[in-house]
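The values are calculated or read from the model by the stated rules, or taken from the named source; none is laboratory data. Since the model is a prediction, treat every value here as computed from it, not as a measurement. Neighbour counts run over all protein chains shown; Cβ positions are idealised from the backbone, glycine included. Only protein heavy atoms, including side chains, enter the accessible area calculation; ligands, DNA and RNA are left aside. Shrake-Rupley method; radii C 1.70, N 1.55, O 1.52, S 1.80 Å.
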Amino acid sequence: MYPIQRNRRLRNSATLRALIQEHHLAPSDFIVPLFVIEGSQKKEAIAAMPGYYRRSTDLLAKKVKSLWNMGLKSVLLFVKVPDDLKDNKGTEALNPEGLMQRSIQIIKNAVPEMVVMTDVALDPYSSFGHDGVVEYGKIVNDPTVEILSEMALSHAQAGADVVAPSDMMDGRILGIRKCLEEQQFHDTVIMSYSAKYASSFYGPFRDALDSAPGFGDKKTYQMDFTNRREAITEAQRDIEEGADIVMVKPGIAYLDILRDLRESITTPIAVYQVSGEYSMLKAAAEKGWLGHDAVMMEQLLSFKRAGANLIASYFAEEAVKLL
Ligand code: PBG
């Protein structure tokens with residue numbers, strides 16, 4: 001009771017505040033998404049993501065060495081596949097010499113300790129831009145799971161430490177886990193995009209990879225953003241099927257989901273601060289309406305406070321420079 005208790009006492013100086021700080025950001029919290037393209041010496045700007053780039057494979061080694069030296073120890077790879085290699089079944093995704101498989105090898109050769117995570121989904125490889133195989137206008141579940149399992153295996157064979165299925169098909173974690181176990185990849189980690197919502201925040205990413213759906217939307221597989229409890233079901237099923245890490249995506253608009261999962265499961269939880277979230281802050285900062293660095297750090301810290309163990313963010317490098 002006032003004045004015996006005064007809440008401001010512990011806020012009186014920066015040192016006192018630091019002593020009682022409940023949550024911290026560290027370089028080891030971050031996962032750095034990387035966009036990879038074919039070609040040489042290419043570093044392409046992405047219109048809606050100022051300051052973020054697509055890089056050709058020959059620039060990857062230098063990039064990951066620099067990330068490693070900053071204390072950033074995990075990367076999440078996405079590839080932009082040339083149109084003539086796209087088909088309904090994402091055949092190119094299984095090519096052992098494909099862009100993803102080569103990128104994994106290049107990074108593991110350059111920095112063997114770097115934790116290499118890979119996106120497992122058909123959309124960058126699909127002529128329809130969907131995360132699964134299309135039959136009569138529908139995204140068919142089980143045939144997709146078979147391909148995703150082979151795709152994850154192919155990433156593990158190329159040297160990936162973590163496979164990250166972002167497709168939201170049912171049973172894909174079990175399919176992938178069984179396939180990895182059968183082929184003796186007992187230690188490959190599965191980070192499942194468990195609570196991935198059908199979100200309009202993914203727009204800039206789809207531009208970056210040229211992976212926007214050719215028809216319809218992703219609402220028959222990604223979650224409805226009106227739902228909360230369903231996220232817990234999704235995460236629990238993925239864990240039962242063999243996921244080691246579960247993810248919530250997008251980030252800022254879904255902090256409640258992050259907190260719900262933190263309170264109902266013990267598995268490590270990742271959050272993905274997606275492209276649209278990055279773009280919004282970049283745009284507001286360009287206009288001089290928001291202080292870029294301060295808002296960035298406040299948002300990133302909020303993920304830790306809400307219960308995230310890991311943060312996939314396009315801000316990772318900029319944030320670590322400020323720590
Ligand atoms: C596709 C995938 C998407 C993102 C990651 N993996 C887009 C989508 O589901 O359409 C979005 C990431 C971002 O917006 O930063 N499987």
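At a glance:
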| read-out | value |
| --- | --- |
| R0 of 56 Å, Cβ-Cβ distance Asp87-Glu22: FRET efficiency to nearest 0.05 | 0.65 |
| Net length gained if the chain between Ser40 and Glu113 were fully extended (0.36 nm per residue, minus Cα distance) | 23.8 nm |
| In Å, descending, principal axis extents of the Cα set of region 86-225 | 40, 30, 28 |
| Percent RCO, i.e. relative contact order, over the chain, from Cα pairs under 8 Å lying at least 6 residues apart | 17 |
| Chain lengthening between Thr266 and Arg11 when straightened (0.36 nm per residue, less Cα-Cα) | 88.6 nm |
| Heavy atoms of Ile245: accessible area, 1.4 Å probe, square angstrom to 10 | 20 |
| Alpha-carbon centroids, region 265-323 and region 87-155: separation in whole Å | 27 |
| Calculated FRET efficiency for the pair Arg237/Ala212, C-beta based, R₀ 35 Å, to 0.05 | 0.80 |
| HN-Hα J in Hz across region 140-153 - Karplus 6.51, -1.76, 1.60, θ = phi - 60°, x for Gly and Pro | 8, 6, 5, x, 5, 4, 4, 5, 4, 5, 5, 5, 4, 4 |
| DSSP bridge pairs, the chain: antiparallel proportion in percent, nearest 5 | 15 |
| Accessible surface of Phe215 - all protein chains present, 1.4 Å probe, nearest 10 Å² | 70 |
| The chain, helix-only ellipticity at 222 nm - DSSP H runs n ≥ 4, -39,500 (n - 2.57), divided by all residues, nearest 500 | -11500 deg cm²/dmol |
| Mean Cβ count within 10 Å, highest first, over the residues of peptides 16-23, 86-93, 294-301 | 86-93, 294-301, 16-23 |
| Shape of region 26-322, Cα gyration tensor, a/c cut at 1.5 | rounded |
| Alpha-carbon Debye profile of region 23-106, log10 I(q)/I(0) at 0.12, 0.15, 0.17 Å⁻¹ | -0.41, -0.62, -0.77 |
| Proximal lysines to Lys89, defined as alpha-carbon separation beneath 26 angstrom and excluding residues fewer than eight positions away on the same chain | Lys80, Lys138, Lys178, Lys196, Lys218, Lys219, Lys249 |
